[in-house]
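The values are calculated or read from the model by the stated rules, or taken from the named source; none is laboratory data. Bear in mind that the values here come from a model prediction, so they are computed numbers and not experimental data. For neighbour counting, all protein chains shown are included, and Cβ atoms are generated from backbone atoms with ideal geometry for every residue, glycine included. Remember, those area values only see protein heavy atoms, side chains included, never the ligands or the DNA or RNA. Shrake-Rupley method; radii C 1.70, N 1.55, O 1.52, S 1.80 Å.
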Amino acid sequence: MKTLKELEEIRQRTLEEVNLRKDRKGTRVVVGMATCGISAGARPVLLAFVEEVKKRNLQHVTVTQTGCIGVCRLEPIVEVYMPGQEKVTYVNMTPEKVQRVVAEHLVNGQIVKEFTIGAVEKKD
Amino acid sequence: MQDLSLHLLDLVQNSIAAEANLIEISIEEDEKKDWLSIVVDDNGKGMDEETIEKAVDPFYTTRTTRKVGLGLPLFRATAQRCGGDLRIQSIVGRGTRIQIELQLKHIDRPPFGRMEDTIVSLILCNAEIDFVYSHKTNYGEFILDTREVRKIIGELPINNTEVIAWIQSYIREGLNEINGGVL
Ligand SMILES: Nc1ncnc2c1ncn2[C@@H]1O[C@H](COP(=O)(O)OP(=O)(O)OP(=O)(O)O)[C@@H](O)[C@H]1O
Ligand code: FES
Ligand SMILES: [Mg+2]
């Protein structure tokens, strides 16, 4: 059973790490959460990012949401903002694709070109 | 939308867009009365009469600008298909209450789905907003109040991944308890 005591322990254990990372410049992962995004599967994509980031302990990454990104038919859409890089827009995302984006882009800085809006629009 | 938890996630996006900082989600299941009520209360900017009318009218919303209003008409259609309805009460500058009622055992009622994923997604992406989620059945009641969580975690952000994982399991276990394991 999850107890409040456990929550108190998380606080004590985690607080030091949080203070350490405050000054570092971070990467932002933003998931589109308009009605179209949600019905296309934005929630599992969002939670897959959170899960991967937690598993790999990527302290510099924050995952968050936005409303409409503007291209319903390509939802779920994810934008990645990395310091020193242009914004990268990934489209038609799935939890499986998230694994690659985290491993290749967030960890190694290599954009997964085939999932980007540019690559997908060219194919259509 | 495949399930109620996704409808709810979408519905609460409206409260977020309305700049609420306290959002209360209250679900009541009554097997005996065969009734389900889902209420979202927010303290956001509210709507005037005209906006309320536009918001629930599926013809108005779908036939003018493409962007206006899919969320409410979709949820309303789901409720009506299950012998219920969606109602809006709102006061400009004070907040909004959306209530969805429907027949619990209606054959078309979508399943709840992963409520814990919806709540956790909301908290994760909106750390500055407080959420209260209460869920009542004939067997008991579960409540999660982020203000209570914040008291315990102190200066640790509520969207910290460990805290989020804890909340997710806490909700799952709480719901299992008031459902005897079935949703
Ligand atoms: N809680 C609320 N507070 C204030 N205004 C609201 C609220 N809920 C809905 N509205 C108003 O009603 C409109 C219609 O809402 P609805 O969810 O149907 O569509 P939308 O949010 O505009 O777009 P979509 O849901 O398709 O992404 C909103 O644009 C907003 O103006
Ligand atoms: S309404 Fe679909 S991306 Fe904005
Ligand atoms: Mg909406």
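Observations
- Residues considered: A:Val102, A:Val78, A:Val91, A:Val61. Of these, the only one that is within 13 Å of ligand 2 (Cβ to nearest atom) and within 14 Å of another protein chain (Cβ to nearest Cβ) is A:Val78.
- Filter pass, A:Gly32 being exposed (fewer than 14 other Cβ atoms within 10 Å of the Cβ) and among the small types (Gly, Ala, Ser): no
- The range B:124-145 - residue that is crowded, with 22+ Cβ neighbours inside 10 Å and touching a Phe, Trp or Tyr at 6+ places or on another chain (Cβ under 9 Å) and, of those, farthest from A:Thr64 (Cα to Cα): B:His135
- Residue satisfying condition, being farther than 21 Å from A:Glu52 by Cα, in a strand (DSSP E or B) and more than 9 Å from every other protein chain (Cβ to nearest Cβ), within set B:Ile178, B:Ile143, B:Ile107: B:Ile143
- Evaluated against (1) modelled with pLDDT under 95; (2) part of a strand (DSSP E or B), A:Val31 falls short on exactly one condition, (1).
- Residues of the range B:89-138 satisfying the condition of being under 14 Å from the mean Cα position of the chain (by Cα) and of a type in the set (Gly, Ala, Ser): B:Gly113, B:Ser121, B:Ser134
- Cross-chain or 6+ apart pairs with Cβ under 7 Å, the range B:104-120 first and closer than 20 Å to B:Asp34 by Cα, then assigned to a loop (DSSP other than H, G, I, E, B) and open to solvent by less than 10 Å² (accessible area, probe 1.4 Å): B:His106/B:Cys82; B:Asp108/B:Cys82; B:Arg109/B:Cys82
- Residues of the range B:1-39 that are assigned to a helix (DSSP H, G or I) and either on the phi > 0 side of the Ramachandran plot or away from ligand 3 (no atom under 14 Å from the Cβ) (or both): B:Leu4, B:Ser5.
- Condition met for A:Gly84 (surrounded by fewer than 15 Cβ atoms within 10 Å (Cβ to Cβ), modelled with pLDDT under 90 and in contact with a helix residue (DSSP H, G or I) (Cβ under 9 Å, 6 or more places away or on another chain)): no
- B:Gln99 being part of a helix (DSSP H, G or I) and touching a residue at least 12 places away in the same chain (Cβ under 8 Å): no
- Considering the range B:127-140, and only residues there that are touching a strand residue (DSSP E or B) at 6+ places or on another chain (Cβ under 8 Å) and in a loop (DSSP other than H, G, I, E, B), the residue that is nearest to the other protein chains (Cβ to nearest Cβ) turns out to be B:Ile129.
- Just one residue in the set B:Arg94, B:Arg76 is of a type outside the set (Val, Ile, Thr), away from ligand 2 (no atom under 16 Å from the Cβ) and more than 23 Å from B:Asp34 (Cβ to Cβ); that residue is B:Arg94.
- Filter result (out of contact with any strand residue (DSSP E or B) (no Cβ under 7 Å at 6 or more places or on another chain) and either open to solvent by 40 Å² or more (accessible area, probe 1.4 Å) or without any contact (Cβ under 8 Å) to a residue 12 or more places away in the chain (or both)) within the range B:12-29: B:Asn14, B:Ala17, B:Glu19
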